[in-house]
Every structure is written in structure tokens, then in C-alpha cells.
Amino acid sequence: MRVLFVFFVSFVVSSLGACAPSTEIKPPEIAYGRDLCDACGMIIGDARFAAATLMTDGKSLKFDDAGEMLMYWTLASFIGVERVPAKS
Ligand SMILES: [Zn+2]
């Protein structure tokens, strides 16, 4: 009976490993000094204030300030804004 239990646990653990997603989710990379903020269009230059979010479709939004990212999510949740246009 004990051997059967160990076999069952091994089977469950190996099955869970097979269900794990094969693609690793990584945070978006920001090219400081080159990437533009998706909210205001300014160049993202300072890593201390920068923020980014990874969308479910694999695209990313990058911001030069975490407050702008929070504002994006606030707008998105209350009025359904999908993407804040950059100022021109
Ligand atoms: Zn900005």
C-alpha cells in the first residue's frame, strides 16, 4: 500500500510539472534614454521612477513615472480605456 501511495504522489507531481506553462513570463525591458512613455510621450530616462506593465496579449506599456501607470489602470478600470495615447 505504501509503494502505491509513493507512486501516486510521484505521478501527481510529475503531472503538475507537465501542466506548467512552457513560456517564461518576463517583465518588460525598458531602453532608458530611448523608449517613450505611453502616457505622456516623454523619454524614459530614470530607472528610479520608471514603470511598465505586461498586457495579456504580450504587449507592454512603459511609463516614465509609476503614477502615470496607476492613472492608466485607474482609467482602464473605470471607463474602459484600453490604451492611453501618447501626447504629440
Ligand atoms: Zn509619462
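The values are calculated or read from the model by the stated rules, or taken from the named source; none is laboratory data. Model, not experiment: these values are computed from the prediction. With ideal geometry, Cβ positions are generated from the backbone for all residues, glycine too; neighbour counts draw on all protein chains shown.
Among the residues of the range 39-69 satisfying the criterion of being assigned to a loop (DSSP other than H, G, I, E, B) and touching a helix residue (DSSP H, G or I) at 6+ places or on another chain (Cβ under 7 Å), which is surrounded by the most Cβ atoms within 10 Å (Cβ to Cβ)?
My answer is Ala39.
Looking for whichever is assigned to a helix (DSSP H, G or I) and either touching a strand residue (DSSP E or B) at 6+ places or on another chain (Cβ under 7 Å) or at pLDDT below 65 (or both) here; the options are Val81, Val6. Which one fits?
Step by step, each of Val81, Val6 is checked, and only Val6 is assigned to a helix (DSSP H, G or I) and either touching a strand residue (DSSP E or B) at 6+ places or on another chain (Cβ under 7 Å) or at pLDDT below 65 (or both).
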